[in-house]
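First the structure, in the form of structure tokens, and then the observations on it.
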Amino acid sequence: MKIEIVSFTGNSGLTDYAISLARALINHAQIRVVSAQSLPNTFNNMGFKIERVFRRSRQYPIDIFKFLFGVITRKPDWIIFQGPIKFPLIDALVVRLIRLFGIKTAITVHDVLPHYPRKWSIFEFGFYYRSFDKVIAHSEAANRILLNQLKITKDILIVPHGVYDIFNLTNITQLNARKKIGQLVSDDFIVLFFGHLEPRKGLMEFLAMAKMCNQPEIKFLIAGKNDLSKHGQKYSDELDAARTLPNVIIHDSRIEFENVENYFSACDIVALPYLEGSTSGVLKLALAFGKPIIATSVGDLPEQTPEGGGILVSCDTNIAENFLNAITQIKCTYQPYSEAMNNAKQSANWAAIADSIFQHLAPQN
């Protein structure tokens with residue numbers, strides 16, 4: 001069997017998922033990852049083929065035809081898309097055309113709807129998801145939205161998002177990771193905010209925690225691409241003001257693949273003060289490195305947080321204060337939380353996920 005896994009981006013969480021799934025599926029089928037020209041050469045020798053097709057959004061009209069021609073020429077048995085290539089309505093028509101050539105298609109639903117949905121998003125994404133033969137979701141929460149709001153009646157598989165163990169490259173120690181990052185010492189208790197810096201991820205609430213915290217040994221580490229300019233100057237000003245705080249370290253640029261392990265190895269807790277969301281890849285990074293989490297009860301975080309591996313708080317009121325209380329609680333009794341995260345890795349094992357997905361695509365009689 002030949003399976004192609006499609007990710008429009010070459011350097012995002014969707015790419016990380018596509019690569020991880022491809023590594024796991026090579027035991028079942030011939031695998032090809034179709035992605036962007038920005039996909040790092042790091043992934044060239046992992047046992048599957050790579051096709052670098054996509055470029056910038058403005059080149060979509062050309063690249064979508066290149067993609068379509070390549071797929072029809074190669075004629076895989078299945079294509080697994082990691083969300084829309086770019087424009088859901090146009091992509092839906094492309095998927096339907098692909099199916100006319102006898103190629104079956106599946107969609108992995110990472111976020112059921114856009115983080116900033118428009119009035120027509122339910123119609124748009126409902127039409128998009130209905131274009132596929134099969135649907136893969138990561139949680140019961142996502143499944144309920146697919147069924148109840150978008151009226152998706154396709155064959156839906158619920159399988160957890162896998163652990164992002166591909167980032168644990170060298171098993172670096174916490175001390176050495178802190179030396180690589182700089183500005184951290186061995187006695188610090190580090191709370192990490194990782195990923196794109198956006199208001200919807202609770203970045204302002206995270207900064208509020210730092211301002212309120214009166215324990216000097218607790219440091220707040222922020223690492224990720226700065227996307228605040230899209231949301232208003234006040235957010236950028238707030239981040240700039242926080243740079244002067246003695247307990248805040250800010251690395252607001254894209255973190256290269258090879259450096260991700262340094263941040264997760266260096267920290268003690270991973271904070272996810274999200275105000276909304278569906279699937280969190282950051283949670284799966286915390287799981288891979290055995291780091292306890294503190295998260296708001298949004299999206300699939302309540303479902304996917306291992307029992308005893310962290311603390312969930314309401315996102316309705318006093319997020320900063322509630323997070324600070326949770327930080328103190330985990331700091332005082334750290335080991336059980338860390339052990340729970342390490343013990344839970346097997347529940348999101350990629351081999352088991354690949355088995356489930358392969359059976360979903362090609363059930364054995």
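The values are calculated or read from the model by the stated rules, or taken from the named source; none is laboratory data. Source: prediction; values computed, not measured. No Cβ is skipped: glycine too gets one built from the backbone with ideal geometry, and neighbour counts run over all protein chains shown. Only protein heavy atoms, including side chains, enter the accessible area calculation; ligands, DNA and RNA are left aside. Shrake-Rupley method; radii C 1.70, N 1.55, O 1.52, S 1.80 Å.
See the values below:
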| read-out | value |
| --- | --- |
| Pair list, Cβ < 7 Å and 6+ apart or interchain, from region 131-146 residues that are part of a loop (DSSP other than H, G, I, E, B) to residues that are among the hydroxyl-bearing types (Ser, Thr, Tyr) | Phe132/Thr105; Asp133/Thr105; His138/Thr279 |
| Per-region count, region 315-325, residues surrounded by fewer than 21 Cβ atoms within 10 Å (Cβ to Cβ) and more than 15 Å from Leu275 (Cβ to Cβ) | 2 |
| Candidates Lys234, Lys230, Lys151 - the one that is surrounded by fewer than 15 Cβ atoms within 10 Å (Cβ to Cβ), in the same structural domain as Arg23 (by the TED database) and among the basic types (Lys, Arg) | Lys151 |
| Residue within region 171-178 that is basic (Lys, Arg), over 20 Å from the mean Cα position of the chain (by Cα) and open to solvent by 60 Å² or more (accessible area, probe 1.4 Å) present | no |
| Some residue of region 28-35 being open to solvent by 60 Å² or more (accessible area, probe 1.4 Å) and free of Cβ contacts under 8 Å to residues at least 60 places away in the same chain | yes |
| Condition broken by Lys104, with the remaining ones in (1) surrounded by 14 or more Cβ atoms within 10 Å (Cβ to Cβ); (2) touching a residue at least 12 places away in the same chain (Cβ under 8 Å); (3) farther than 18 Å from Asp155 by Cβ satisfied | (3) |
| Qualifying positions in region 90-123 - in a loop (DSSP other than H, G, I, E, B), of a type outside the set (Asp, Glu) and more than 21 Å from Thr73 (Cα to Cα) | His110, Val112, Leu113, Pro114, His115, Tyr116, Pro117, Arg118, Lys119, Trp120 |
| Failed item, numbered, when Val33 is tested on (1) touching a Lys or Arg at 6+ places or on another chain (Cβ under 6 Å); (2) farther than 25 Å from Asn143 by Cβ; (3) modelled with pLDDT of 95 or more | (1) |
| Output for region 57-73, where each listed residue is under 15 Å from Arg99 (Cβ atoms) and more than 28 Å from the chain's Cα centre (by Cα) | Ile72 |
| Residues being of a type outside the set (Val, Ile, Thr) and either open to solvent by less than 50 Å² (accessible area, probe 1.4 Å) or at pLDDT 95 or above (or both) - total across region 247-256 | 3 |
| Given (1) touching a Phe, Trp or Tyr at 6+ places or on another chain (Cβ under 8 Å); (2) under 30 Å from Ser38 (Cα atoms), index of the condition Ala295 fails | (2) |
| Residues satisfying the stated conditions in region 284-314, i.e. more than 15 Å from Ile190 (Cα to Cα), crowded, with 20+ Cβ neighbours inside 10 Å and touching a residue at least 60 places away in the same chain (Cβ under 8 Å) | Lys284, Leu285, Leu287, Ala288, Thr296, Gly299, Asp300, Gln304 |
| Filter pass, Ala271 being modelled with pLDDT of 95 or more and either small (Gly, Ala, Ser) or open to solvent by 10 Å² or more (accessible area, probe 1.4 Å) (or both) | yes |
| Any hit, region 281-290, residues being more than 23 Å from Leu14 (Cβ to Cβ) and out of contact with any Leu (no Cβ under 8 Å at 6 or more places or on another chain) | yes |
| Near pairs, Cβ below 8 angstrom, 6+ apart or cross-chain, from region 261-283 (outside the structural domain of Gln82 (by the TED database)) to any residue that is acidic (Asp, Glu) and not in a loop (DSSP other than H, G, I, E, B) | Pro273/Glu205; Leu275/Glu205; Gly281/Asp16 |
| Residues that are within 22 Å of Asp91 (Cα to Cα), open to solvent by 10 Å² or more (accessible area, probe 1.4 Å) and touching a Phe, Trp or Tyr at 6+ places or on another chain (Cβ under 8 Å), drawn from region 36-57 | Gln37, Ile50, Val53 |
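Quick grid of which residues meet (1) under 24 Å from Ile327 (Cβ atoms); (2) surrounded by fewer than 18 Cβ atoms within 10 Å (Cβ to Cβ); (3) free of Cβ contacts under 8 Å to residues at least 12 places away in the same chain; (4) not hydrophobic (A, V, I, L, M, F, W, C):
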| site | (1), (2), (3), (4) |
| --- | --- |
| Val163 | yes, no, no, no |
| Lys180 | yes, yes, no, yes |
| Gln183 | yes, yes, no, yes |
| Phe189 | yes, yes, no, no |
| Phe193 | yes, no, no, no |
| Pro199 | yes, yes, no, yes |
| Leu203 | yes, no, no, no |
| Met209 | yes, no, no, no |
| Pro216 | yes, yes, no, yes |
